[in-house]
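*Asks:* Can you read through this structure? Questions will come right after.
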Amino acid sequence: MKITIKDIAKLADVSTATVSKVINGKDKNISSSTRNKILKIIKETNYVPNRIASSMITKKTHSIGLVIPDITNPFFPEIARGVEDLANQYSYHVILCNSDNNSKKELEYIEMLQEKMVDGIILTSSSNSKGSAPTLSKLQIPVITVDREIEGVTTSGRIIVDNYSGAYEAVTYMLNSGYKKILHLAGPMTTKPSVDRYQGYLQAHKDFGDLVDDSLYIEGHYTAEFGYKGIKTALKHELDFDAVFCGNDLIALGAIKGLHELRLRVPEDIGVVGFDDIYMATLIDPNLTTVHQPNYQMGYKAAQMLIDVIENRTLSDVEEVLMTKLVIRETTK
């Protein structure tokens, strides 16, 4: 027979309210002897609290949703790890959803999480999330966005990175290193990070006194496949460039592969700079020069922000901007 909270209370000779307080960590006014007695009985009987029943009373499930656009991109699992590490400290469970950069799938996950009665959602949106805006606007639970904002949606908070400054620093370094014709393989301009990185690229050229060749810009996706095809396209059209600034590290990895196949040396013939500093950046030869993003901290701080809102420790509509750092390795000279 399944053990209930009433059974635990009877065995411990206390009220069900006392058992509930011990289970939920609200036992400051309960003696240590009573607390230990209850915990011992719970362990001996293998009692598992009915969280669904508890949530009907407290209106809280101690669970949060995390929606990311691409689990195969090493940038996002680090965000997830940060979210989970912080959530565990507060005994929250994380439901992870991968939207595959598909706005329809993203919307379905948001609706599913609402049905699961999560206490809040952390969202890194897909490249085109306008379709999710009406649903997000009607949610009765807090939402924290990470890395990407959604037009027309007011959230409980945002964790963003200064992508503009990161790109500006990287391209300025490239120009100061002697590179004059820098091809930009950009991510989709439907995302603010891509736009900000492109603006940083443009401003660095302007401040250096160089005009930007409009032909040295190719827009695509945050994938190695795009980086590979982008390089092949650039050389097929005989674009004249001596370096590549990539929208992220996966694009850079694909670009380096394409350059190697065409027997172009990195960095002797073409310099390459990425963005993100994923773990693979130091596994390739030569090691990738890139812009480090604090993605673990992004997830960690997003979870802290969300739980603070859930537990009424902070006001909504908070924004925190994290800084990037240029990491110079071997793909630039």
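*Asks:* Residues that are at pLDDT 90 or above, of a type in the set (A, V, I, L, M, F, W, C) and surrounded by fewer than 22 Cβ atoms within 10 Å (Cβ to Cβ): find the strands (runs of 3 or more DSSP E) completely inside segment 103-168 holding 1 or more of those.
*Replies:* 157-161
*Asks:* Now for a separate question. Need the failing condition index for GLY254 against (1) within 23 Å of the chain's Cα centre (by Cα); (2) crowded, with 24+ Cβ neighbours inside 10 Å; (3) farther than 27 Å from PRO142 by Cα, just the number.
*Replies:* Answer for GLY254: the failing condition is (2).
*Asks:* Of the residues that make up segment 47-67, is at least one closer than 13 Å to ALA302 by Cα, at pLDDT 95 or above, in the same structural domain as GLU108 (by TED's automatic domain parsing) and touching a Ser or Thr at 6+ places or on another chain (Cβ under 8 Å)?
*Replies:* Scanning segment 47-67, I find at least one residue that is closer than 13 Å to ALA302 by Cα, at pLDDT 95 or above, in the same structural domain as GLU108 (by TED's automatic domain parsing) and touching a Ser or Thr at 6+ places or on another chain (Cβ under 8 Å), so the answer is yes.
*Asks:* Of the residues that sit in segment 273-325 and are touching an Asp or Glu at 6+ places or on another chain (Cβ under 7 Å) and at pLDDT below 95, which one is nearest to ILE79 (Cα to Cα)?
*Replies:* Restricting to residues being touching an Asp or Glu at 6+ places or on another chain (Cβ under 7 Å) and at pLDDT below 95, the top hit is ILE310.
*Asks:* So which residues in segment 267-276 are out of contact with any Cys (no Cβ under 9 Å at 6 or more places or on another chain) and surrounded by 24 or more Cβ atoms within 10 Å (Cβ to Cβ), if there are any at all?
*Replies:* Answer for segment 267-276, where residues must be out of contact with any Cys (no Cβ under 9 Å at 6 or more places or on another chain) and surrounded by 24 or more Cβ atoms within 10 Å (Cβ to Cβ): just ASP276.
*Asks:* For segment 17-31, give me each residue that is surrounded by 14 or more Cβ atoms within 10 Å (Cβ to Cβ) and part of a loop (DSSP other than H, G, I, E, B).
*Replies:* If the condition is that a residue be surrounded by 14 or more Cβ atoms within 10 Å (Cβ to Cβ) and part of a loop (DSSP other than H, G, I, E, B), then ASN24, ASP27, ILE30 are the ones that fit.
*Asks:* Which of the following residues is in the same structural domain as ILE251 (by TED's automatic domain parsing) and of a type in the set (Asp, Glu): GLU169, GLU78, GLU106?
*Replies:* One residue alone meets the criteria, GLU169.
*Asks:* Show the residue pairs meeting these rules: Cβ distance below 6 Å; 6+ apart or different chains; first residue within segment 138-155 and farther than 23 Å from GLN297 by Cβ; second residue surrounded by 19 or more Cβ atoms within 10 Å (Cβ to Cβ) and of a type in the set (Gly, Ala, Ser).
*Replies:* These pairs meet every condition: ILE141/GLY120.
The values are calculated or read from the model by the stated rules, or taken from the named source; none is laboratory data. Just so it is clear, the structure is predicted and the values come from calculations on it, not from any experiment. Counting neighbours? That spans all protein chains shown, and the Cβs are built from the backbone with ideal geometry, glycine included.
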